[in-house]
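Structure record follows, encoded as structure tokens.
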Amino acid sequence: MGFPQLRMRRLRRTEPLRALVRETALEPGDLVYPLFLCPGKGVRRGVGSMPGVFNLSVDEAVREAEEAAALGVGGLLLFGLPETKDETGSGAWDENGIVQQGLRVFKGSTAASKLVLIADVCLCEYTSHGHCGVVVKTGDSYAIENDPSLALLARTAVSLAKAGADVVAPSDMMDGRVGAIRAALDANSLAHMPILSYASKFASAFYGPFREAADSAPQFGDRRSYQMDGANPREAMREIELDLDEGADMILMKPAMPYLDVIRAARERFDVPIGAYQVSGEYCMLHAAIEKGWLDRDRAMLESLVSIRRAGAGFIVTYFAKDAARLLG
């Protein structure tokens, strides 16, 4: 049966009809809000390249968390800006590190019972060189040493878990990091702690604004020797499979919109919770067009998030989380 008996527009006629037959749902609880914690009190320092994003002292971050919880946002992804940095990134596992401080305060707030607190596990914000692992330099050359980095990442994960994280999320892309973290958590009576692995993290131009927000730009070279080549979706499936074999409970895809095909491939292949990170460059690109008046803010924001959800992401890390939740609520 075809036209004129079949008319596809019949089910598009009114908003209630469109809502009834909508195939992809997006709810506030599907969204995770990134926060950048910094030392001090009453600090709310804007990130120049990211409108509406701030470096926040813990007291200000608690206000953000409570607002996010009231809007029904599902969780927070926490990053830290330490007071000092060193070659090994020791601030990442410091018992009194900025994220550890934040986690303990969050756990005492009214937001804690409503939000999943996800702690990013990486060294780049804490190292003086800005790389995600141990750096060995010989003359003018350098190497990011994989295996020595694993113990530091595992130590960081244990510290964050003990401080109150609900989930630890390694984002470094060192080989074997998930297995090292799982072993360390289990050895410290933290077998209950889930691991959200950035299993498919591509070396992307879309991370630039984040590096300003987290003060994590590499001081030399780049991250292509450990983050993935964007041309390799099959390699991404291997990375995911290896991380799951090592004990990852969930996986995170990053970036999101330029890699919707990879999200879809992972969703079809793996029966685990999958999230996607709408990264800083995606957020800023949309914001720039919105500020120019070229895009309708609310429609562009929600359409971008629905596209990620439609591709197969069960949850989305996004700087739009609060704004989107207001509309969805």
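The values are calculated or read from the model by the stated rules, or taken from the named source; none is laboratory data. Worth saying up front: this structure is predicted, and the values here are computed from it rather than measured. We place every Cβ from the backbone using ideal geometry, glycine too, and count neighbours over all the protein chains shown. Calculation scope for accessible area: heavy atoms of the full protein, side chains included, ligands and nucleic acids excluded. Shrake-Rupley method; radii C 1.70, N 1.55, O 1.52, S 1.80 Å.
With the dipole of the range 132-264 worked out from charges on the C-beta (+1 for Lys and Arg, -1 for Asp and Glu) around the Cα centre, which of 206, 193, 148 lies farthest toward the positive end?
Farthest towards the positive pole: 206.
With r defined as the distance between the Cβ atoms of residue 113 and residue 63 and R0 fixed at 22 Å, what FRET efficiency is calculated, to the nearest 0.05?
0.85
Pairs 254/292; 107/137; 41/137; 41/292; 137/254: which exceed 32 Å Cα-Cα?
Too far apart for the 32 Å limit: 107/137; 41/137; 41/292.
How do 233-240, 26-33 rank on mean C-beta neighbours within 10 Å, highest first?
In descending order of packing, they fall as 26-33, 233-240.
Could you please state how large a percent of the accessible area of the range 263-329 is carbon and sulfur, counting protein chains only and using a 1.4 Å probe?
Whole-percent figure for carbon plus sulfur exposure: 50.
Place the peptides 321-329, 219-227, 255-263, 135-143 in order of packing, highest mean first, counting for every residue the other Cβ atoms within 10 Å and averaging per peptide.
The peptides rank, most packed first, as 255-263, 321-329, 219-227, 135-143.
What number in nm² do you get for the chain if you take the convex hull of its Cα atoms and divide its surface by four?
Here the figure is 19.1 nm², rounded to one decimal.
Using a 1.4 Å probe on the protein heavy atoms, what percent of the accessible area of the range 13-172 belongs to carbon and sulfur?
50
Percent of Cα-Cα pairs more than 17 Å apart in the range 215-329, please.
Of all Cα-Cα pairs in the range 215-329, 60 percent lie more than 17 Å apart.
Angle, helix 260-269 long axis vs. longest principal axis of the chain, Cα atoms, 0 to 90°, nearest 10?
90
Where only protein heavy atoms count, and the probe is 1.4 Å, what is the accessible area per residue for the chain in Å²?
45
Between helix 98-107 and the chain, what is the angle of the helix's C-alpha long axis to the longest principal axis, kept within 0 to 90° and rounded to the nearest 10?
So the helix axis and the longest Cα principal axis differ by about 60 degrees.
Any chance you could look up the accessible area of residue 24 with a 1.4 Å probe, heavy atoms only, rounded to 10 Å²?
About 40 Å², rounded to the nearest 10.
Using the scaling law 2.2 N^0.38 Å as the reference, what is the normalised Cα Rg of the range 1-135?
1.52
Which lysines have a Cα lying under 20 Å from the Cα of residue 114, excluding residues fewer than 8 positions away in the same chain?
Reachable lysines: 162, 322.
Using a Förster distance of 25 angstrom, determine the FRET efficiency expected from the C-beta separation of residue 235 and residue 186, and round it to 0.05.
0.30
Taking 51 Å as R0, compute the FRET efficiency from the Cβ-Cβ separation of residue 271 and residue 292 and round it to 0.05.
Computed FRET efficiency for residue 271 and residue 292 comes out at 0.75.
Compute the acute angle (0 to 90°) between the alpha-carbon long axis of helix 233-246 and the principal axis of greatest extent of the alpha-carbon atoms of the chain; round to the nearest 10°.
60
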